[in-house]
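Any read-out appearing in this document is the output of simple, stated calculations on the displayed coordinates, not a laboratory observation. Computed from a prediction, not measured in an experiment: that's the story for all the values here. Using ideal geometry, Cβ is built from the backbone for each residue, glycine included, and neighbour counts are taken over all protein chains shown.
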Amino acid sequence: MTNLTSKLVNNQKVSRKVIKCVVWDLDNTLWDGVLLEDSCVYVRENIVDIIKSLDSRGILQSIASKNEPARAIAKLEELSLKEYFLYPQINWNSKVASIQEISKLINIGINTIAFIDDQPFELEDVNFSLPEVMCINAANINRLLDMPEIQPCFITEDSKTRRLMYVSDIQRKKNEEEFVGSKEEFLATLNMQMTISSAKEEDLQRVEELTLRTNQLNTTGYTYSYEELNQFRQSDNHQLLIAGLNDKYGSYGKIGLSLIECQRNLWTIKILLMSCRVMSRGVGSIMLNHIIHMAKNQNASLQAEFVPNERNRFMYITYKFASFKEISSQNNIIIFQHDSQHSPSFPNYVKINVLQ
């Protein structure tokens, strides 16, 4: 193991909380007044600028409001704000239930959500039932953009278009629900293309972002800085791979990453991750299969490190299905060994482009 890798692998970093979605209340929070009681309500000062700033940073936004849905949506459309909110929960359910539904629909962890409300009762209820949620009193809205949890390390091209990617995914899901046929037949209609390439310097901000933001489909949870990733990129003893995905609806952006330590006769996967947005697209094992073939072509055995947690069980199963077996475990790090007799195939509904 090289000094560079051992320094990082043996010292798993504690990263700061990263907010992926801000959930807004409406009455006396996003606007002044109560929509069902006041003849006219007005957007609070600086709110539009805050919403647009969050959007430009790649932070998603939604709504949890006890209100009459049609009237609230009409007001948001009138204010030209509706487009900024994904899966708005405007109903008479508890805010806890609404936030849980938003988390499920966007497919992000509860611990990556911030909730803004003017009512102490609502904030306390969410804080008690969902302690992982970052609760913010509406009185502090003007300090929102300065909070460390709301400031990503980098604003990448994927960040700037993240909401639009999710909007495209809503249309995909709608069409999938209406599709008559098997899952594989539907996936074949998407004309998906995955590109796998060695990460270039211009990719590193997105690579770092992926290690910080991706929790569920992440084999180890290791995080690396831009400078560390650049060293790996230039190292003769490492492969730093990044994957992008497109289909007929548009781009998913850069959605996959792997770091491999390459010794002469042994390759070790240090981290393998995929964005949660592609979990249902049947592409989660493609990069792993590609790495298996790469190692075979170099006549190298292939191992993988895995750090189990409450959320990455799917990646454990991915290794198992790809014919990896546990050979040791120490300090909560499981070492998998690939069965070299197994040669995986690739799904025929995805075109795979490998670039140098």
Sequence order, the stretch 178-192: Karplus ³J(HN,Hα) from phi using 6.51 cos²θ - 1.76 cosθ + 1.60, θ = phi - 60°, Hz rounded, Gly and Pro as x, gives 8, 6, 9, x, 7, 4, 5, 5, 5, 4, 5, 6, 7, 6, 6
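Pulled fully out, how much extra length does the chain show between Cys262 and Val43, if you take 0.36 nm times their separation in residues and subtract their Cα-Cα distance? Don't jump to the answer; show the numbers that get you there.
Numbers: separation 219, 0.36 × 219 = 78.84 nm, distance 5.59 nm.
Roughly 73.2 nm would be gained on extension.
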Hull volume per residue for the chain, using the convex hull of the C-alpha atoms, in Å³ is 143 Å³
Placing each pseudo-label 7 Å from Cα in the direction of the beta carbon, Ile327 and Ser197 end up separated by a distance in nanometres of 3.4 nm
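Can you pull out the GluC sites (Glu not before Pro) in the stretch 277-356 whose DSSP state is coil and whose Cβ has at most 15 other Cβ atoms within 10 Å?
Values: sites: Glu305, Glu310, Glu326; in loops: Glu310.
Taking the stretch 277-356 and a limit of 15 other Cβ atoms within 10 Å, the loop GluC sites (Glu not before Pro) found are Glu310.
If you restrict to DSSP beta bridges whose two residues both lie in the chain, what percentage is antiparallel, to the nearest 5? Spell out each step's value before the answer.
Numbers: 36 of 62 bridges.
Once the DSSP bridges in the chain are tallied, antiparallel ones form about 60 percent.
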Over the chain, the sum of -39500 (n - 2.57) across DSSP H runs of at least four, divided by residue number and rounded to 500 deg cm²/dmol, gives at 222 nm -9500 deg cm²/dmol
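Calculate the FRET efficiency for Asn289 and Glu101 from the Cβ-Cβ distance with a Förster distance of 30 Å, rounded to the nearest 0.05.
Details: r = 35 Å, r/R0 = 1.15.
Rounded to the nearest 0.05, the efficiency is 0.30.
Starting from the stretch 44-93, pick out the chymotrypsin sites (Phe, Trp or Tyr not before Pro) whose DSSP state is loop and whose Cβ has at most 10 other Cβ atoms within 10 Å.
Working: sites: Tyr84, Phe85, Trp92; in loops: Phe85, Trp92.
Qualifying residues, ordered by number: Trp92.
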In whole percent, the Cα-Cα distances of the stretch 255-356 spread across 10 Å bins from 0 upward as 14, 50, 31, 5
A chain fully extended from Ile110 to Ser56 at 0.36 nm per residue, minus the present Cα-Cα distance, gains in nm 17.3 nm
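Fewest first, what order do Val43, Val207 take by the number of other Cβ atoms within 10 Å? Could the numbers behind the result be given before it?
Working: Val43 15, Val207 25.
Result, fewest neighbours first: Val43, Val207.
Under a point-charge model restricted to the Cβ atoms of Lys and Arg (+1) and Asp and Glu (-1), what is the dipole moment magnitude of the chain relative to its Cα centre, in debye to the nearest 20? Don't skip to the answer; put the middle values down first.
Values: 38 positive and 43 negative charges, 278 e Å.
Result for the chain is approximately 1340 debye, rounded to the nearest 20.
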Calc'd 3J(HN,Hα), the stretch 22-29, phi into Karplus 6.51 cos²θ - 1.76 cosθ + 1.60 (θ = phi - 60°), Hz, glycine/Pro = x, comes to 9, 9, 9, 6, 9, 4, 6, 10
For the stretch 21-150, the Cα convex hull volume per residue in Å³ comes to 98 Å³
Amide H neighbours of Leu257 at under 5 Å, excluding residues fewer than 5 places away on the same chain, with H built from the backbone geometry, are Ala243, Leu273
Once amide hydrogens are built 1.01 Å from N within the peptide plane, the residues lying 5 or more places from Cys135 or on another chain with amide H under 5 Å from its amide H are Phe115
The ³J(HN,Hα) series, computed from each phi in the stretch 258-264 with the Karplus coefficients 6.51, -1.76 and 1.60 at θ = phi - 60°, rounded to the nearest Hz and given as x for glycine or proline, is 8, 10, 10, 8, 10, 8, 4
Taking R0 as 35 Å and r as the Cβ-Cβ distance between Leu355 and Glu83, the FRET efficiency 1/(1 + (r/R0)^6), rounded to the nearest 0.05, comes to 0.55
